[in-house]
Structures are given as structure tokens and as C-alpha cells.
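Student: Structure incoming, see below.
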Amino acid sequence: MTLADNDALIDVAAAGGVLRIGINRPAKLNAINRQMYSDMTAALQRAEQDDSIRVVLIHGTADCFTSGNDLRDFAQDPPTGQDSPVFHFLAAISQATKPLVAAVNGPAIGIGTTMLLHCDLVYAGESAKFQTPFVNLGLCPEAASSLLLPQLIGHVRAAEMILLGQPFSAARACEAGLVNGVFPGNKVFQHALTQAQQLAKQPPAAVRLAKRLLKQSTAATVPAVMAEEGQLFLERLGSPEAAEALDAFFDGRAADFSRFR
């Protein structure tokens, strides 16, 4: 996987009908801050508006997809409503009309897992580790994952992933149906790019129509669920449980929820 040699935390490039969105903050395990959400939203909007772009490929760096929200950025400047950058990004990725392909290596934590629910093709490296630690942080699911995850993998598997928030392997993700296939780490990006390039050669209107039909069973409910999750997420950010979880994270200790009811 090659990223442009620049200081951009979100690397965007287009070639052959494929718009590539690369999360490029390796020093912070590709943790996503407010500006990065805004940049990814702008890239997705560009894809919608540019007829020469037929497919979007989302990836991280060679050994990390994303460790999720930048928790320090999140704690210092939390989202305050649906107009916050993270919610703009979720709206853009969930409403994308063109195919979204993802290549995942290393950690894919929090939104790094839930954004994949809005992708059409997902390929993982053998090192990929997925995790949805929202409850662990005193929060609740987001990105309409409370709807899409049980629909995709079944209630009991989704409950295990959401309620316990434990990491799981690429093999488990593939077996559950969260990803299309698992490849050696140095092969996954090229495979995802090849699939994206093949999609870009397909009849574009037919591809968009097929995607719309595939998603029509949840098209009306996803925005409503996402809005409800978002409101509850904002409320949870101000809860004592979330405060204890974040304090413990920054202090490098285990959170203690024994005093809560």
C-alpha cells in the first residue's frame, strides 16, 4: 500500500474511476479527529458529484485501518449535535449511491468497524482486528450499527460484539459475514483496488441501481436509527459512566463501574 508523501491526515486521490480515501495518521494509530471527519465527508461528496468517479476505496495505512475516534480530541471538543463533523461523515457514507470498497489491515476499532457496515465490499488482512467498544466506554452503538449489525450477522453475534466489546479476528469477521475475504496483509490493498477497478468498468447506472435495490430494505430506517443513536450517544457522553471510562483510559487503568446502577 502506498500513500502520498504529504502531511495530509486523509489522503485522497482519483485514478481510473476509483476515488481512494486513505486514513493516514499512523503516529496516532489513524485515530480520527474532527478535521479528518470533515475531510472524509468532503471526499465522499466529491465522489457523489463527479461523474468520472464510479467507486470509492477506503483504506488505512499498511498496519492499521483506524483505532476509531481520537478520544482526547473527543473529550476536549465533543460533538454537540447532529451538525458535528462525525455525524456529517456518517450521513455521507450511509447515503453514498456509488459502491464503497474497504481494505482493512490491523486495528479497526469503533467507527473503524461500524463504517464497514455501509460499504459494499470489504476485504481484510490477516492482521485485522475488529472491535466495537462503545459500551466499554459508557456509550452506545452508532452509525446505525444497532440495526445493521444484527441484520447482517444475527442478534446473538451482534450482542456479543456490542455488549462485551471484545476484539475479534479477521477470520471471525469473515465467518460472520462482516467481510468478503481475508488475505495476507501485503496483498489486501491490491485485491481491494483490483475489485474497485473492476467495479469501475461495470455499467455505472446499473451498478448504482443494483446498490440501491440491495439497500432498499433499510434505506428508510437507517437515517432514523442513526439519529436516535446519535442523540443517545450525545447524552451518554455526559454520563458518569462515560466520564469514568474516559478517565480510566487516559490514566491507563481499568475502569471501575461497580458503584453505578
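Each reported figure results from applying straightforward, stated rules to the coordinates on display, with no laboratory input. As the structure is a prediction and not an experimental result, all values here were calculated from the model. A quick note on method: Cβ atoms are made from the backbone with ideal geometry, for glycine too, and the neighbour counts reach across all protein chains shown.
Student: Of Ala219, Met36, Ala143, which is farthest along the charge dipole of the chain in the positive direction, counting Lys and Arg as +1 and Asp and Glu as -1 at C-beta?
Tutor: With unit charges placed on the Cβ atoms, the residue in question is Ala219.
Student: With r as the distance between the Cβ atoms of Thr221 and Ser169 and R0 = 25 Å, compute the FRET efficiency 1/(1 + (r/R0)^6) and round to 0.05.
Tutor: It comes out at approximately 0.25.
Student: Placing unit charges on C-beta atoms (Lys and Arg positive, Asp and Glu negative, everything else neutral), compute the dipole magnitude of segment 86-185 about its Cα centre in debye, rounded to 20.
Tutor: 40
Student: Suppose R0 equals 25 Å. What FRET efficiency, 1/(1 + (r/R0)^6) with r the Cβ-Cβ distance, do Thr194 and Gln35 give to the nearest 0.05?
Tutor: After rounding, the FRET efficiency stands at 0.20.
Student: Which one, Ala159, Ala200, Ala173, has the greatest fluctuation when you compute a Gaussian network model over the chain with C-alpha springs under 10 angstrom?
Tutor: Result for the chain, Cα springs under 10 Å: Ala159 fluctuates most.
Student: Classify segment 99-149 as rounded, prolate or oblate from the Cα gyration tensor: take a ≥ b ≥ c as the square roots of its eigenvalues, call it rounded if a/c is under 1.5, otherwise prolate when a/b beats b/c and oblate if not.
Tutor: Since a/c reaches 1.5 but b/c is at least a/b, the shape of segment 99-149 is classed as oblate.
Student: Size of the dipole of the chain about the Cα centre, Lys and Arg at +1 and Asp and Glu at -1 on the beta carbon, nothing else charged, in debye to 20?
Tutor: 800
Student: For semi-axes √(5λ) of the Cα gyration tensor in Å, pick the label among [x] 29, 24, 15; [y] 29, 20, 19; [z] 32, 20, 17 that corresponds to the value derived from the coordinates.
Tutor: It is the value labelled [y].
Student: A follow-up question, please. Roughly how many nanometres apart are two label points built 7 Å out from the Cα toward the Cβ at Ser239 and Ala254?
Tutor: 2.1
Student: If you only keep lysine pairs separated by 8 or more in sequence, or across chains, how many in the chain come under 20 Å at the Cα atoms?
Tutor: Step by step, the pairs that qualify in the chain add up to 6.
Student: Restricting to segment 65-216, what percent of DSSP beta bridges are antiparallel, rounded to 5?
Tutor: 15
Student: Quick one: work out the % antiparallel among DSSP beta bridges in the chain, nearest 5.
Tutor: 30
Student: Follow-up question, since we're still on this one. Would you mind checking which residues have amide H under 5 Å from Ile21's amide H? H placed 1.01 Å from N; only 5 or more apart, or other chain.
Tutor: Result for Ile21 returns Leu57, Ile58, His59.
Student: Gaussian network model of the chain, Cα springs within a sub-10 Å range: biggest mean-square fluctuation belongs to which of Leu213, Leu232, Leu19?
Tutor: Maximum fluctuation in the GNM of the chain, among the listed residues, is at Leu213.
Student: If you don't mind, another one. Given a 10 angstrom Cα cut-off, can you work out which residue in Thr114, Thr61, Thr80 is the most mobile in a GNM of the chain?
Tutor: Largest GNM mean-square fluctuation: Thr80.
Student: With both partners inside segment 1-125, how many of the DSSP beta bridges are antiparallel, as a percent to the nearest 5?
Tutor: Of the beta bridges lying entirely in segment 1-125, close to 30 percent run antiparallel.
Student: Farthest toward the dipole's positive end in segment 115-261, which of Phe168, Phe134, Ala255, given Cβ charges of +1 (Lys, Arg) and -1 (Asp, Glu) about the Cα centre?
Tutor: Positive-end residue among those listed: Phe168.
Student: Considering only Leu19, Gly230, Phe87, whose Cα is most displaced toward the positive end of the charge dipole of the chain, charges sitting on Cβ of Lys, Arg (+1) and Asp, Glu (-1)?
Tutor: Towards the positive end, the residue furthest out is Leu19.
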